[in-house]
1. Take peptides 249-255, 182-188, 48-54 and line them up by average Cβ neighbours within 10 Å, highest first, as a rough protection proxy.
2. Would you kindly state how much longer the chain becomes between CYS58 and VAL118 on full extension, computed as 0.36 nm times their sequence separation minus their alpha carbon distance, in nm to one decimal?
3. How big is the equivalent ellipsoid of the range 189-254 along its three axes, where each semi-axis is √(5λ) from the Cα gyration tensor, reported in whole Å from largest to smallest?
4. Please give the contour-minus-distance gain from VAL87 to ILE125: 0.36 nm per residue of separation, less the Cα-Cα distance, rounded to one decimal in nm.
5. Can you compute the modelled spin-label distance between MET72 and THR204, with each label point 7 Å from Cα toward Cβ, in nm?
Amino acid sequence: AVKNTAENNSAAIAIGNILGSNILNVLLILGITAVIVTIPVQLSTIKYEIPFMIIITCLLAGIGYFKGHLGMIDGILLWFFMILYFVYLIVMARKGQISVGVEEGEIKVNENMFMLLVLLVIGIIAIVAGSNIAVDAATALARIFGMNERLIGLTIVAFGTSLPELITSITAAMKKKADIAVGNIVGSNIFNILFVIGTTSLITDVPYNYSFNFDSIVCIATSFVLFLCVLKKKKLNRVHGGILLCMLVAYYGKLIFY
């Protein structure tokens with residue numbers, strides 16, 4: 001989606017989409033999920049993944065601030081970190097330190113694996129298709145009412161991009177599988193920056209408008225607040241969820257009214 005947006009000369013939506021989506025992932029999705037149920041967080045997520053997310057967010061903000069755009073060299077750099085992240089995931093998985101959210105004995109041997117795969121594919125297609133329809137319709141309406149590209153990317157398109165994570169996180173919380181929520185969000189944010197923006201930068205120059213400096217700072221701040229919330233007790237509770245949601249309201253208030 002970001003690739004197509006950039007190629008259609010709407011780079012403000014492209015960068016805004018990623019920054020807005022990453023902010024929403026932490027503040028909205030984890031905020032709502034934590035209000036519903038306490039979310040335990042894996043030690044590896046606290047020690048490695050969240051700090052890595054903060055580092056690459058700072059990297060993106062630094063490139064944007066000093067260069068004003070992302071080009072092929074920047075795309076290669078982001079892809080280098082993406083490969084490092086994949087290596088980390090493989091190593092951690094082999095050590096058994098990454099949970100997939102399924103307890104031993106939970107899946108029966110006689111379950112129809114083919115049917116499970118079919119339902120999984122249908123669910124993914126439905127979520128993605130629904131998100132795309134919502135984004136396209138909302139973006140068209142926003143343009144009719146005169147919203148600028150930056151605001152569209154940071155709000156409507158970002159929300160549509162975050163819908164799959166929102167649905168899966170809330171569903172996981174309701175099924176008492178909330179322990180996968182934080183890892184899901186952190187992984188999604190890392191993927192957004194390194195793969196999506198990295199790949200787009202390899203294809204075409206992506207302008208990074210000066211107005212995104214504030215949004216980059218907010219994105220870094222939300223990641224850091226998440227880190228502080230889970231650092232001591234290794235979980236997100238209702239108080240933390242309330243803090244994240246209040247930050248979201250303040251951020252959107254700043255976007256809309258100032």
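1. 182-188, 48-54, 249-255
2. Taking CYS58 through VAL118 to full extension adds about 17.7 nm, to one decimal.
3. Square roots of five times the eigenvalues give 28, 16, 8 Å.
4. Once the chain is fully extended between VAL87 and ILE125, it gains 10.9 nm.
5. 1.6
FYI, it's all coordinate maths here, none of it is from the lab. The structure displayed is predicted, hence computed values, not measured ones. Here Cβ is always computed from backbone atoms with ideal geometry, including for glycine, and neighbour counts include all displayed protein chains.
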